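Peer 1: A single structure is presented below for examination.
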Amino acid sequence: WNFWLRARYGDTDTLRRAWTDWQGRCALGPTERLEAGTVTLHGPDGERGVLGGAPGTTSHSAGRANDLALFMYSVHRDYFAQMRHYLRERGVQVPVGAVTDFQTVADLRAVHDALDYVGTNYYYDHPRLRDGQWRLPMYFVNRSPLGDQEGESFVPQVTRSALADRPLVVREWGVCWPN
């Protein structure tokens, strides 16, 4: 992250200007410096995530959030490109794709730019797992995707992954019984 920022901005002063909003609020914390490699992936207030936090909070300025998305895109794109190249060198001839977070544009763009197709998974009314473990008892709401009014049924969810000029493959599809 710090090497990427250093290549993009050169020094802390330039980064500080880029991450300062129109109201003069800077998303760079007082101890964060490019030269020292101390710019964290989260903001100075400790909140994490590109889109986390309340709008207008200093750590999630447009500049910082945009750079984090661009950085993550570049990491994923480079990884996917290296893996595709590795597989091709070993004789793999089938199309290569990946499933990522279809709600994150940077992830979708990385798959689009480096691979042959976009993969997605679809689950409706997924069981609620105790402690994140696949063991009984498991609970689900038992909603029917046919009567869904919230846009979570098959077509709206799957088409979120569809990108121009790349095939879309639905790798997994699951709906709880008796739905």
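Peer 1: How much of the accessible area of the chain, probe 1.4 Å, is carbon plus sulfur, in whole percent?
Peer 2: 57 percent
Peer 1: Please compute the length gained on full extension between M138 and M83, using 0.36 nm multiplied by the number of residues separating them and subtracting their Cα-Cα distance.
Peer 2: Numbers: separation 55, 0.36 × 55 = 19.80 nm, distance 3.62 nm.
The span from M138 to M83 would gain 16.2 nm if fully extended.
Peer 1: Pick from A69, A18, A36 the residue whose mean-square fluctuation is largest in a GNM of the chain, springs joining Cα atoms under 10 Å.
Peer 2: A36
Peer 1: Each label point is 7 Å from the Cα along the Cα-to-Cβ direction; what then is the distance between the points at Q149 and Q23, in nm?
Peer 2: My value for the distance between the label points is 3.7 nm.
Peer 1: If R0 is 41 Å, what FRET efficiency do you get for T14 and R171 from their C-beta distance, rounded to 0.05?
Peer 2: With R0 = 41 Å, the Cβ-Cβ based efficiency is 0.45.
Peer 1: Here's a follow-up. Using the beta-carbon distance between L129 and A162 and R0 = 30 Å, what value does 1/(1 + (r/R0)^6) give for FRET efficiency, to the nearest 0.05?
Peer 2: 0.55
Peer 1: Then there's this: How much of the DSSP bridge set in the chain is antiparallel, in percent, rounded to the nearest 5?
Peer 2: 15 percent
Peer 1: Regarding the chain, what is the average projected area of its C-alpha convex hull, in nm²? Write down the numbers at each step before the final one.
Peer 2: Values: hull surface 59.2 nm².
So the mean shadow area of the Cα hull is 14.8 nm².
Peer 1: Under 10 Å, Cα contacts only: if you run a Gaussian network model on the chain, which one of M72, M138, M83 comes out with the highest mean-square fluctuation?
Peer 2: Largest GNM mean-square fluctuation: M138.
Peer 1: Which FRET efficiency value, to the nearest 0.05, is calculated for S74 and D116 with the Förster distance at 30 angstrom and r the Cβ-Cβ distance?
Peer 2: Plugging the Cβ-Cβ distance into 1/(1 + (r/R0)^6) gives 0.95.
Peer 1: If you don't mind, there's one more thing I want to ask. Can you run phi through the Karplus equation (6.51, -1.76, 1.60; θ = phi - 60°) for the range 30-35 and list ³J(HN,Hα) in whole Hz, with x for Gly and Pro?
Peer 2: Couplings: x, 9, 8, 9, 4, 4 Hz.
Peer 1: One quarter of the convex hull surface, Cα atoms only: what value does that give for the range 129-168 in nm²?
Peer 2: On the way: hull surface 18.5 nm².
Spelled out: convex hull of the Cα atoms, projected over all directions, averaged, 4.6 nm².
Peer 1: Could you quote the convex hull projected area for the range 91-179, Cα atoms only and averaged over all directions, in nm²?
Peer 2: Values: hull surface 31.7 nm².
Averaged projected hull area, Cα only: 7.9 nm².
Peer 1: Using Cα pairs closer than 8 Å and at least 6 residues apart in sequence, work out the relative contact order for the chain, in percent.
Peer 2: 16 percent
The values are calculated or read from the model by the stated rules, or taken from the named source; none is laboratory data. Given the structure is predicted, the values throughout are model-derived calculations rather than measurements. All Cβ positions, glycine included, derive from the backbone under ideal geometry; neighbour counts span all protein chains shown. Protein only, heavy atoms only, side chains kept; ligands, DNA and RNA dropped before computing areas. Shrake-Rupley method; radii C 1.70, N 1.55, O 1.52, S 1.80 Å.
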